[in-house]
Structures are given as C-alpha cells and as structure tokens.
Amino acid sequence: MSLLAEDTEAADLGLRWKPGFAALGPAFFTELRPTPLPGPYWVGRSEAVARELGLPTDWHESKATLAALTGSMPVAGARPIATVYSGHQFGVWAGQLGDGRAIMLGETEGGLEVQLKGAGRTPYSRGGDGRAVLRSSIREFLCSEAMHGLGIPTTRALCVTGSDAPVYREEIESAAVVTRVAPSFVRFGHFEHFAANQRDEELRALADYVIDRYYPACRTTDRFDGNAYAAFLEAVSERTAALLAQWQSVGFCHGVMNTDNMSILGLTIDYGPFQFLDGFDPRHICNHSDTQGRYAFNQQPNVAYWNLFCLAQALLPLIDDQEVAVAALESYKTVFPNEFEGRMRAKLGLTEAAEGDRPLIEGVLKLLAAGKVDYTIFWRRLSGYMADGNVEPVRDLFLDRAGFDAWLLSFSQRHAGTDRALAAELMRRSNPKFVLRNHLGQQAIEASQQKDHSGVATLLALLQTPFEEHPGADAYAGFPPDWASTIEISCSS
Ligand code: AMP
Ligand code: MG
C-alpha cells in the first residue's frame, strides 16, 4: 500500500511552512509529490541543522519523520515543488534542466527552504530516474556540513536516509535521499532559463523576488544610477568572488561548475565529484568525466567569472545596458584577489597586509606545487611550528629543503616582532586539521553500504569542528593512503 494514497496520513515535522519561492507562481515550478522508497533507514543526521530549522529535540525518533524525509509520506502543511531552470554545462548551452531529482518541501517560517534530493522523478528528470545513490548522498551530506564547519558558505544538510531499493548506475547500488537546507536554492540557471525563452516578465518577477528577499540593499543603491538589477549582479558577483577565494584557499575543487550549479546567494551547491586536494596540484581535475580539465582546481576562479557573464547575459533585458552589465562584473577582478590574499594571509598568521605578501603567498604555493606537498597537512604543521617553534615536521614535507629554507626565511622576516602565540592562534583557526578527503568519505561509504553508519557520524563530528584538535582522531588527519589516488569520482551519482 502506498503511504501516499491517504492524504490524512502526513508527518508533522513541527515546522510551519510559508509559500516562499512557490509564491512566484506555476511558471517557475511543478507541484508534485515525492515517489516513496521502501524501508527507509537513517544514515546520518546533523543536529546542528535540526537546531537551525527549529525541529523538536526528538525529531529523529519519529518513524513518520524518517518516512517523510525519504519521500515516503507527505509532510503536514508542505506543498512540494520541483523548479525549472536551464544552464550551461561544460561551456555549452544545455537548454532546460531543472530539479530532476530534488523536490522542495517549501520554505519554513524561519526562512529556510527544505529540499529532498533523490526523492523521485519530476517533469525535469529528462532520462534520469530521479534517484540518488547512497555513496554520493553521503558525500553531499558530509561535505555540506564540512564546508559549514570551515566557515564557507554552503547549502546545509539535515540528514541522509537510505533505502535498499536498487538504483542502476555503472552497477546496482542502493537509493538514498539527502535533506538539503538553504535560504534559497535559486541558481544562475533559473535566470538563464527565462532569459533564453524570452520570458522577460517571469525574468523580472524572479529577479524582483530574489532582490527583495536576499539583496534588499540593491533597491536603494546609488551604484549604476540606481539600477537595482545591475547592483544585484554586482552583489552576486562579489559574493561569488568571495566564495571562490575560500575554495581556493582551502584547496576545494568543486568538479562541476556548470551555471546550473552556481548559487545566486554565493553558496557552495550541488556536491558531486568534488575533492579536497591531497598533494597540492594546481592543475588537479577531480571529476573523472571532465576530460578537458575545464573545471581543474586552478581554473575555478576564471570559470566562476565566465559563469557570471552568463548570468549578466541573462539579466541584460532587465539591466538594459550592456556596458552597465559588464561594469557590474568589474569588481570580481579585485574582490577575488583581495579576498584570496586575505584568506592566505590568515593562513600565514598575518593580521595585516604588507608589501611583499603576494610573493610570499605565491612562493609557498609554488613550493607546494613543485613537491606536490600535502596541502592540509602543510598548513596545519606550519601552524604548529608557529606555536612551538619546531620546524622539522614542516621541513620534512619538502624534498627541496633549500627552497623551503629560503621561503621560511622570508616568512620569519615577515613575522619579525609578531606575537607568536597570537599568530599561532590565528593560524590554528585558519588551517583546518580535518577536511573531507576522498578516502575518508570512501571508508565511511563502504561501511554504510554494509549497514554500519557509525563512520558517517564520526566523520561528521570531526568535520563540523575541523579546527579543533580532537585528540585520538589523528588517523583522520593523516596522509592519504596509496589507494586514495585510485579513487575515481565521476558525474555518476
Ligand atoms: P548535476 O550534474 O547533478 O548538477 O545534474 C544536472 C541535471 O541533471 C540537473 O537538472 C539534475 O536534476 C539532473 N539529474 C542528475 N541526476 C539525475 C537523476 N538521477 N534523475 C533525474 N535527474 C537527474
Ligand atoms: Mg546540479
């Protein structure tokens, strides 16, 4: 018997819903219900997100909640929708895409949208089955919370639930649903969709909605002669620049920076074949399907800029002046490097900018690249050196000892007169001990596939507070094993 057959049976999550995005009207989405999955079980939960949503403390004890978050029971008061968007994929116009497997329950009174990813087919599924596999769902769940722990803007994840229903990818896998949470899941591609179809009225309604809700300052801007749409574009561009600076400074490779995977709020969104760098390789390609390296690590800031041009193109009917639209993107070129340098300075324990910082940063990145030195371990050990003065653990990471010593000399000169304890503390807060490396995720996934979900919980706890020491957890902060380099992550999810 389908639980959906009876409308009277609905799970009360204890949340109050408001129309939110759905107030835009039917041109923007399709109302529908998730397709139930049999025998749902918990795989991972983030209590931090539960608190943010305002869920009752015993929220996860209810079987109805488990069923509802797996799409197997309606949620009381919610009117689920799938939204339509389009986008550029790998540099090419892909036409209409849309939420092919993510179904939004709605927006809570607290202003958070809740989405079930993997909850079944929608009118935008194209050839897809509307499902997500356990492996990629665990990766998305953990990385959302890891990014938040790192202080990087991101969509969040309340939980992953699983079902033994088979899902067919390269091999048979099992299904899972990630409950994602964000103030908005609107993407660049939503704007591109209405622009490409010459639906200026909807385009304007969407822009007005996003501006009023998330960028209200654009209404009273004195930039661009008060052109709110240009100010909006500039604000999105600057948020994106700041986001990219954070990705680059922490060594995060997104893997599929298509315009439909770019958040209008400058959040990290759609975790697919992402990777935190192990050894520092600026040209690293984390997506096995990205044969040309379009989304290689060092391409990301430029790709984001390219994507912003697509957004500018889409907003052109509203901005109404090509030169103004181009001008609105100008500040990306200064915001990105400034933000990046600021982040790198903090990693170096420097509170203020000084001349010579750029060569100091470039110098260390060059050394790290030349030796493919482990990125996360290097920075954490450098923080340790600042605290205890023992340079050997850092020095040991480099084959080119002379090169490292020369850099260290300039680093030490730059720090002449600094309060070392203060600098060490800044570095400890800027250089995480724990990042979601591929092999860590893989181990948790393999255990989960055998029904042991404890690895997911352990990783989550470390990644939510990645700057803490977590005594006893050093195994999660070590070098990747040899087999890590053989992990192939593709778009298949
Ligand atoms: P992604 O590469 O994950 O960002 O997905 C690109 C597009 O394909 C989006 O419109 C997704 O909703 C859709 N999609 C991806 N996987 C599936 C699937 N298994 N079923 C239906 N749609 C999917
Ligand atoms: Mg996507």
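Summary table
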{"item": "Segments 175-182, 243-250, 34-41, 52-59 sorted - mean Cβ within 10 Å per residue, highest first", "result": "175-182, 243-250, 34-41, 52-59"}
{"item": "Å³ per residue enclosed by the Cα convex hull of segment 188-342", "result": "112 Å³"}
{"item": "Cβ crowding within 10 Å averaged over residues, with 116-122, 321-327 ranked highest first", "result": "116-122, 321-327"}
{"item": "Within the accessible area of segment 188-342 (1.4 Å probe), percent carbon and sulfur", "result": "46 percent"}
{"item": "Distant-in-sequence amide H partners of residue 13 (H built 1.01 Å from N, under 5 Å)", "result": "76"}
{"item": "Residues of type lysines that residue 347 reaches as a straight line, Cα spacing below 18 Å, ignoring anything fewer than 8 places off in the same chain", "result": "366, 433"}
{"item": "14 Å beta-carbon shell around residue 62, net charge (K/R +1, D/E -1)", "result": "-2"}
{"item": "Counted charge near residue 132, where neighbours are those whose Cβ lies closer than 13 Å (Asp, Glu -1; Lys, Arg +1)", "result": "+3"}
{"item": "For residue 113, residues with placed amide H under 5 Å, excluding near neighbours", "result": "108, 182, 184"}
{"item": "Orphan Cys of the chain, criterion: no other Cys C-beta under 4.7 Å", "result": "143, 159, 218, 310, 491"}
{"item": "Whole-Å distance, taken between Cα centres, linking segment 203-259 and segment 128-193", "result": "23 Å"}
{"item": "Rg/Rh (Cα only; Kirkwood hydrodynamic radius) as it applies to segment 324-417", "result": "1.06"}
{"item": "When segment 189-239 is reduced to its Cα atoms, the Kirkwood hydrodynamic radius in Å", "result": "11.2 Å"}
{"item": "Rounded Å value of the spacing that divides the Cα centres of segment 421-472 and segment 342-359", "result": "26 Å"}
{"item": "Karplus (6.51, -1.76, 1.60) ³J(HN,Hα), θ = phi - 60°, over segment 72-77, in Hz, Gly and Pro reported as x", "result": "9, 8, x, 9, 4, x"}
{"item": "Amide H contacts of residue 276 (H built 1.01 Å from N, under 5 Å, at least 5 apart or other chain)", "result": "253, 438"}
{"item": "Cα gyration tensor category, rounded, prolate or oblate, for segment 98-212 with a/c compared to 1.5", "result": "oblate"}
{"item": "Ratio of the Cα radius of gyration of the chain to 2.2 N^0.38 Å, where N counts its residues", "result": "0.99"}
{"item": "The chain, relative contact order [Cα under 8 Å, separation at least 6], %", "result": "14 percent"}
{"item": "Relative intensity, log₁₀ I(q)/I(0), of segment 17-182 from a Debye sum that treats every alpha carbon as a point, q = 0.08, 0.10, 0.13, 0.15 Å⁻¹", "result": "-0.22, -0.35, -0.61, -0.82"}
{"item": "In order through segment 481-493: 3J(HN,Hα) via Karplus (6.51 cos²θ - 1.76 cosθ + 1.60), integer Hz, x for Gly, Pro", "result": "x, 4, 5, 4, 6, 8, 5, 10, 10, 10, 6, 5, 8"}
{"item": "Relative contact order for segment 188-342, counting Cα pairs under 8 Å that sit 6 or more residues apart, in percent", "result": "31 percent"}
{"item": "For segment 159-256, projected area of the alpha-carbon convex hull averaged over all directions, nm²", "result": "9.9 nm²"}
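The values are calculated or read from the model by the stated rules, or taken from the named source; none is laboratory data. All values derive from a computational prediction rather than experimental measurement. Ideal geometry is used to build each Cβ from the backbone, glycine not excepted, and the neighbour counts take in all protein chains shown. Just so you know, the surface numbers come from the protein's heavy atoms only, side chains and all, with ligands and any DNA or RNA stripped out. Shrake-Rupley method; radii C 1.70, N 1.55, O 1.52, S 1.80 Å.
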